[in-house]
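Comments concern the structure below.
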Amino acid sequence: MEKNTTDFLSGKNIDELLTSYIDNEELDDLTRKHVEELISYDVLSFRLYKSEKLVKEFFASRLKQKELPKGLYSKINASIEELSGSTSAKFIPDSQSLVSHHSYIEHLKEFFVTPFSIGVYAVPRYTFAVILFFFVLGLALVLNNNKREINTFYASGSEKSIMVQAVNNFHKILTGEIKPTINSTDTQEIKKIIATESNFDAFIPDIQEYRLIGAVTNDFNGKKIAHFVYSSGDELIYIYETVIDSLCHKKLELPSEMHNQILKDKFYLCDKFDDRDCAFMMWYKNNILCASVSNLPKQKMYTTLATYYK
Amino acid sequence: MLKDNNSEINSSDKIDLVDEFSESDSSALEDLSANELTERKRLFDIEAMPHMKLLYNYAYRLTSNQMEAEDLVQDTYLRAFRFFHRFERGTNCKAWMFRILKNCYINQYRKTKKEPSKVDYEEVENFYDSIRSEAVDPNDLEQKVFSNLLDDDLIIALNSLQDDYKTVVILCDLEGLSYEEIAEFLEVPIGTVRSRLHRGRKILEKKLRDYAKERGYAVETEA
C-alpha cells in the first residue's frame, strides 16, 4: 500500500496536496485516499499536515469575523440614494431584510450599545453611564460618611445637661462669646482663686504640649462650675468641672447610661455632634465630674487626656 | 492585471488595475431614467448588498482600522452601484465586489503613500524555500507557541505577509471563501491560490515560532 501511495504521489507537490487536503478542495477521491495514507505512515508528512492545519485553525479561531458596525448598512444605503439623486432619500434602518423603523426605545438602545472608539479600543457607550453611576454613588457615600450623626444624649439633653452645656460653652469660647476671666497661666494661682470663688478643690491638669490660657467660674442652679481653657496652636481643649453632688436633685443632669459607662470604662468619649465639629470626653476625678470638649480628633483627645482619668 | 509569480508590480500595471471603470462611461447614472434607476437599485440590493459583512471584514483586515474599513466599504459600494451595468448577471457578484474593493484600497494607498510598494516575489520565494522542509512537533507547536501568543502577535504576523499571500490567507482562512472564489477574485489560476495559501501559512508559522522564541518558548524543528 505504501509503495502504491509513493508511486502515485511521485512527482506531485506533496506540500500543496496537503494544503488542498486541509481545505477539502480540489482533490479527487483517489488522490485524497493516497494523501490520507501518506499522512498515516510518513511522520514528516504528518507533521507538515498537522502544523499547517493548526496555523489555519488557529488564525480562524483567534481572528473571528467582525460584525458589521451598526449604522454602516443604512449609511451606505443613504449614500446610494444620494448618488441616485433621489429627492426623497429615505433613511433606511439597519434591518437587512425589511424596511422598518426602529421605535424610540430601540433607537435609544442602539445609541447606548453602539461602540465608542477610544484609540484602538471600542467600548459600548453605556460604559460611560455605568462609570458615571458608580462615581456619583461613591461621592454620595463619601459625603454621607462625612455628615456626622448626632449624639442622642446631646440631642435630647436639656439646658441642665452637662454635655449640652459643655459643648455649647466650647463653641462660645471659639467664637469669643465666652472669655476667661482668670487670665493666668499659673496653675496654683488659678486653683487658689477658684477655691476662693467656687469653694471647691478644682482639678487643673498639666496637659503636656498645651498651655493653660485662663479660667472662669459660674453658677448654675446654685451649683458652682469651673471652666478651664488650654491651647496649642489652633488646638483648643476646654474642661468643664463641677462637684459630683451637683447631680443631686437634678440641679445638673447626667444620663444614667453615660454615668454607668463612666463607672465601667472610666470615661465616656464621643464626637457625634452633627455640624458642631468637636470631640467630647467625660470622667470622674475624685469627687469632681470633668467634661472636656476640644477640636482635636476623638482619638487624639483620648490619648491626650487619658492620663487624667486614671 | 496583476502579474503572477516572480515579477514586480510596476506603475503601468497599477494604472490598468485601478482604472477598471472609466469615468466617462456612457451609462452614467445621470443618463438613466427613473425606472432604470429604480430597477438598478432593486437588482443591486439583491446582488451586492448581502456581501457587505464579508467585504467589511476584508476591508478591516486590509486597513486594521474600523473607520478606514467603513470608508473603504462605502467607497466600494458607491463605485459598484455607479458601474453596476458592467456587472454581468449570473456571474459571481461577490468576486466582482471584492475586486472593486481591492482597487479602491490600492487607489487610497497610492494617495496616502509616497511610493507604491513593490512585491519582490523572488525574495519571498527564497525565504519560503529556506523554511519549506522545516517540520515541528505539532503538539509543541500548539502548546508552546500558539497558547502563548496574543491576538496582536497574530495581526502583526498577518500584516507582515506580502499582499498576495495575505489576501489568500484572509479570504480562505478568515473569510471562508473557496479556492474557486478566490481565484475568480484575484483572476489567477486555482493552482496559484493553493500555492500562495500553502506558502503564506508556512511563513506565518515561522513568524509565530519566532515570536514565541522571543518569549522563551522555542520549538525544535526537523528538516
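The values are calculated or read from the model by the stated rules, or taken from the named source; none is laboratory data. On a predicted model such as this, the values are computed, not experimentally measured, just so you know. Backbone-built Cβ (ideal geometry, glycine too); neighbour counts: all protein chains shown. Keep in mind that these areas ignore ligands, DNA and RNA; they rest on the heavy atoms of the full protein, side chains included. Shrake-Rupley method; radii C 1.70, N 1.55, O 1.52, S 1.80 Å.
Structure above, values below:
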quantity	calculated
Per-residue SASA entry for residue B:209, accessible area with 1.4 Å probe, Å² rounded to 10	20 Å²
Per-residue ³J(HN,Hα) for the stretch B:167-182, Karplus 6.51 cos²θ - 1.76 cosθ + 1.60, θ = phi - 60°, Hz, x for Gly and Pro	4, 5, 5, 4, 5, 7, 7, 9, 9, x, 6, 7, 4, 5, 5, 5
Residues of the stretch A:285-310 with amide N under 18 Å of a point placed 7 Å along Cα→Cβ from residue A:263	A:285-290
Size of charge dipole - the stretch A:175-310 - debye, nearest 20, with Cβ of Lys, Arg +1 and Asp, Glu -1, no other charges	380 debye
Sequence-distant residues sharing a close amide H with residue B:65 (under 5 Å, placed H)	none
5 angstrom amide H check on residue A:220, placed H, neighbours 5+ away	A:225
Quotient of Cα Rg and 2.2 N^0.38 Å for the stretch A:175-223, N being how many residues it contains	1.20
Solvent accessible area, Å² - residue A:190, 1.4 Å probe, full protein context	0 Å²
10 Å Cβ neighbours from other chains, averaged over peptide B:192-205	5
Per-peptide average of other Cβ atoms within 10 Å, ordering B:92-105, A:246-259 highest first	B:92-105, A:246-259
10 Å Cβ neighbours from other chains, averaged over peptide A:12-19	4
Shielding by partners, peptide B:79-86 (average Cβ within 10 angstrom, other chains)	1
Whole-Hz couplings from phi, Karplus 6.51/-1.76/1.60, listed for the stretch B:63-78; x for Gly and Pro	9, 6, 9, 5, 5, 5, 5, 4, 4, 5, 5, 4, 4, 4, 5, 5
Simple label model, 7 Å out from Cα along Cβ direction - residue A:298 to residue A:33, nm	9.0 nm
Accessible surface of residue A:265 - all protein chains present, 1.4 Å probe, nearest 10 Å²	60 Å²
Using θ = phi - 60° and Karplus 6.51 cos²θ - 1.76 cosθ + 1.60, couplings along the stretch A:67-79 (whole Hz; Gly, Pro as x)	6, 5, x, 4, x, 5, 4, 5, 5, 5, 4, 5, 5
Residue A:278 long-range amide H proximity, modeled H, under 5 Å	A:273
